[in-house]
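The values are calculated or read from the model by the stated rules, or taken from the named source; none is laboratory data. Since the model is a prediction, treat every value here as computed from it, not as a measurement. Counting neighbours? That spans all protein chains shown, and the Cβs are built from the backbone with ideal geometry, glycine included. Calculation scope for accessible area: heavy atoms of the full protein, side chains included, ligands and nucleic acids excluded. Shrake-Rupley method; radii C 1.70, N 1.55, O 1.52, S 1.80 Å.
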Amino acid sequence: MKLQLSDEDIAFREEMRTFFTTQIPQDIRDTVAARRELSKDQIVRSMQAMNAAGIAVPNWPVEWGGKDWTPLQRHIWHEEMQLAGVMPPLAFNASMVGPVIAAFGSQEIKERFLPKTANLDIWWSQGFSEPDAGSDLASLRTTAVKEGDEYVVNGQKTWTTLGQYGDWIFTLVRTDPDVKKQAGISFLLIDMTSPGLTVRPIELIDGGHEVNEVFFDNVRVPAENLVGEENKGWDYAKFLLGNERVGVAPVGSTKRTLAQAKEYAKTAGAGGTSLLDDPLVAAQIAELENDLLALELTALRVVANSADGKPHPASSVLKLQGTVLQQAVTELWVDLAGPNALATGAADGSDVPDLARVATTNYLNYRKASIYGGSNEVQRQIIAGTILGLRG
Amino acid sequence: MDFTLDSEQTALRDAVRGLLGKAYGSSEDRRTVTKTDPGWDEKTWQRLAEMGALGLPFAEEDGGFGAGPVEVSIVAEEIGRVIAPEPYVEAVVLAGGLVAAAGTAEQRAEIIGALAEGQLVPAFAHTEPGNRYSEVPTVTATKDGDAWTLSGVKEPVLGGARADLLIVSATIDGGTGLFVVQPDASGLTRTSYATFDGGRAAHVAFDSTPATPLGEPGADQSDVIASAVAAAQIAYGHEALGAMAFALETTTEYLKSRKQFGVPLMTFQALTFRAADMYVSLELARSTVTWATLVQLDGGDDAAVLEAASRAKLQVSKAGRHIGQEAIQLHGGIGMTAEYSVGHYTSRLTAIDHALGDGRHHLTALSKTLDDHEAVEPLP
């Protein structure tokens, strides 16, 4: 057993820290620090800066821009990025569709899409969930019927995150309705400017617009946009959902937000006094720090000991506890802001600190974290079934 | 960075697991042992000595085996898996640790060697009635010429009556001193009783009792005590990990095999989700406790080890309560019975929680240090 990073990993950490704190445009990092939403342009510029440095898609095969990093190095890359207030590369491109195309796509489809995907020249949307197929994704009903060298797609997707920015959408569609539900699904790439495709925004409880419904009405898609083999889409989706073990718990950003909350608390009491003098506030923060330490160490255990390629059992804890703490810190922010948290609609001249004004929208927004990407109930099901062997 | 055991450490774990598995193969074996004084098995202690487990943390020149905190943690975890009542953390890590850190060369040679061989079992008399986790003893040490005497009461002293030697903390001019008290010293009375977890504690009274300073006479040993306590807190953490892992395994097996309404309990999602949460608690505690051991191994500054021990103890307190309580609940009535094992695990976890500072105590301490750092950084 050994606690220290190797000299090589320390140097790597330093390299990443320097890059993220000096090479990502300051306006982007300021927006993250202010806990405000990034614009499309900011997200694109951020990922392009990383891609120019060759570190936007380290998890891809090397020939398509990936890095042959160890799981620990990928963890360090991810943590340093978040600690510096940098948004990770757009997940739809970097962690989802990119790896699937690289692993299962034809040479032609790889050449056509991968460079643009890495550079965010194409903004991908994810078309998996449907109104009746959320956690039970295999029940999806959107159909793709082959007519000549085209698929005709009909149906509806929902919860399409940032779909309003999407150039293309990767979808799971039913190509064979007559077999077991997992067996008749294909992975199809669709140009979002295609006739018959419409995007409708869904307004959320935080007042923001980040998810959408996407409707397909006789959308004609060239058959060459199929990734891999027809009816093998379920396998590709499982690969997509299972291959991103690193970074599933946003430790770095939660840590940064907690440190920021503590700093805010120091003058947030009556007349500018420190709320840390309130023993209950102090205890709440101290306990969060300890829980976050336990989570970070668990993430380190997972990445340090996953060399044999098999996921470490403790990795199942990461998504579950990662979102629990992410949400707990947004809750702490609302507690610290108190009545000032009501000033969400205040304009620039407001005397209420900006961070107090965004506290509630963040709190409400992050209720999503324990729902998306496999809800926390699904995570408990996985732990109970796969790790403990409790199969009802 | 590496969180795994090497092959020698794995061999040590297997050997200790084998030995303790034989001694405490069923919870009935443990109950037989805890029913009679001293509440643990002298033969098992002797076998642990023969295996080298009792001398692990001590320098070879003192009669130990020159191993480190990782090896100690392995033994402690196996103790916890079967909740062996032998006083490993109390006698070896805590009392032995104090002697190793504060004792003169002569005292170390005399005490450590005998402790490692299983011939001498020391106890640390530190806790005082009504004094919770105070670091300032009410037991006082008085100096007359070169002779020292102690007066006052220590209670509960774990293993205090059976101990072959007492290491006692007492207030001296300018701090807290450590003293060695022989079992037959005049003015010493020891009254033994059972604790809820099957152990033994004692009321230990000193009435002008002759005592020998441990190490330099009159020296303030507060830092030595804090370090030994931190080492014991971390070792207790590993003992708790062993106990929690077993409690979860037993509960899982029960959910698989026990039928109600004609189906196994694991058919009910309300129950399996609770087991999943127990697993989460266990893994988070394991991460923090293992880290604290590595901070200790790292040989960094004392303050870092003390803080790591405090953090580990807090996490263990939360996890121990959660897992202990749920283990009983998920078993239903059988979990309440003395004939079945899980209740004893919950008892032991409760005892560990309240020894050397419970979760609330450590949370309070950590709350007071919030200003010292921006964020908690686990890696040096």
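Here are the numbers for the structure shown:
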item: Gap separating the Cα centres of region B:16-52 and region B:96-175, nearest whole Å; result: 26
item: For chain A: accessible area per residue (Å², 1.4 Å); result: 42
item: Alpha-carbon gyration tensor eigenvalues x 5, square-rooted, for region A:122-261, Å; result: 29, 18, 14
item: Fraction of alpha-carbon pairs over 20 Å apart in region A:198-329 - percent; result: 67
item: Share of carbon and sulfur in the accessible heavy-atom surface of region B:7-120 [1.4 Å probe, %]; result: 48
item: With DNA, RNA and ligands ignored, accessible area of B:S208 (1.4 Å probe; Å², nearest 10); result: 70
item: Largest-first ordering by accessible area, 1.4 Å probe, given options B:S151, A:S194; result: B:S151, A:S194
item: Using a Förster distance of 45 Å, the FRET efficiency for A:V62-B:K43 (Cβ separation, nearest 0.05); result: 0.15
item: Rel. contact order, % - alpha carbon contacts under 8 angstrom, at least six apart, region A:248-388; result: 24
item: For region A:51-113 versus region B:312-327, the gap between their alpha-carbon centres in whole angstrom; result: 39
item: Value of [θ]222 nm, deg cm²/dmol, for chain A, DSSP H segments ≥ 4, -39500 (n - 2.57) each, nearest 500; result: -13000 deg cm²/dmol
item: Acute angle (nearest 10 degrees) that the helix B:342-354 long axis makes with the longest principal axis of chain B, alpha-carbon atoms; result: 40
item: With eigenvalues of the C-alpha gyration tensor scaled by 5 and rooted, chain B, Å; result: 35, 23, 20
item: Carbon/sulfur fraction of accessible area - region A:238-380, other protein chains in place, 1.4 Å, %; result: 56
item: Extended-chain gain in nm, criterion 0.36 nm per residue less alpha-carbon gap, A:D176 and A:A11; result: 54.2 nm
item: Region B:214-239-region B:58-93 distance, computed between alpha-carbon centres (Å); result: 15
item: Chain A: DSSP helices with Cα axial extent of at least 30 Å and average Kyte-Doolittle hydropathy no lower than 0.5; result: A:279-304, A:315-337
item: Heavy-atom accessible surface of region A:124-230: percent carbon and sulfur, 1.4 Å; result: 48
item: Residue with peak Gaussian network fluctuation, chain B [Cα springs, cutoff 10 Å], from B:V263, B:V295, B:V136; result: B:V263
item: Spin-label zone in region B:265-293 - amide nitrogen under 17 Å from a point set 7 Å from the Cα of B:E253 along the C-beta vector; result: B:265-266
item: Region B:203-352: Cα Rg divided by the 2.2 N^0.38 Å rule of thumb; result: 1.37
item: Residues with amide H under 5 Å from that of A:I202, placed H, sequence gap 5 or more; result: A:V211, A:N212, A:E213
item: Rounded tilt (10° steps) of B:42-51 against the dominant C-alpha axis of chain B; result: 90
item: Semi-axis lengths, Å, chain A, gyration tensor of Cα atoms, sqrt of 5 times eigenvalues; result: 36, 25, 22
item: Percent RCO, i.e. relative contact order, over region B:222-370, from Cα pairs under 8 Å lying at least 6 residues apart; result: 30
item: Hull volume in cubic angstrom per residue (convex hull over the Cα atoms of the protein assembly as shown); result: 176
item: Heavy-atom accessible area per residue - region B:222-370, 1.4 Å, Å²; result: 35
item: Residues of region B:1-21 buried by at least 30 Å² on assembly (accessible area, 1.4 Å probe, chain alone as reference); result: B:M1, B:D2, B:F3, B:T4
item: Solvent-accessible area buried by pairing B with A, both sides, nearest 100 square angstrom, 1.4 angstrom probe; result: 4600
item: Solvent accessible area, Å² - A:Y236, 1.4 Å probe, full protein context; result: 20
item: Residues A:D41 and A:R200, FRET efficiency given R0 of 35 Å [Cβ-Cβ distance, rounded to 0.05]; result: 0.90
item: Accessible surface, 1.4 Å probe, highest first, among residues B:D358, A:D335; result: A:D335, B:D358
item: Chain B, relative contact order in percent, only Cα pairs under 8 angstrom and at least six apart counted; result: 15
item: Karplus 3J(HN,Hα) series, Hz, for region B:366-374 with 6.51 cos²θ - 1.76 cosθ + 1.60 (x for Gly, Pro); result: 5, 4, 6, 10, 4, 6, 6, 8, 7
item: Between 0 and 90°, nearest 10: helix B:7-23 axis offset from chain B longest Cα axis; result: 80
item: With DNA, RNA and ligands ignored, accessible area of B:L370 (1.4 Å probe; Å², nearest 10); result: 0
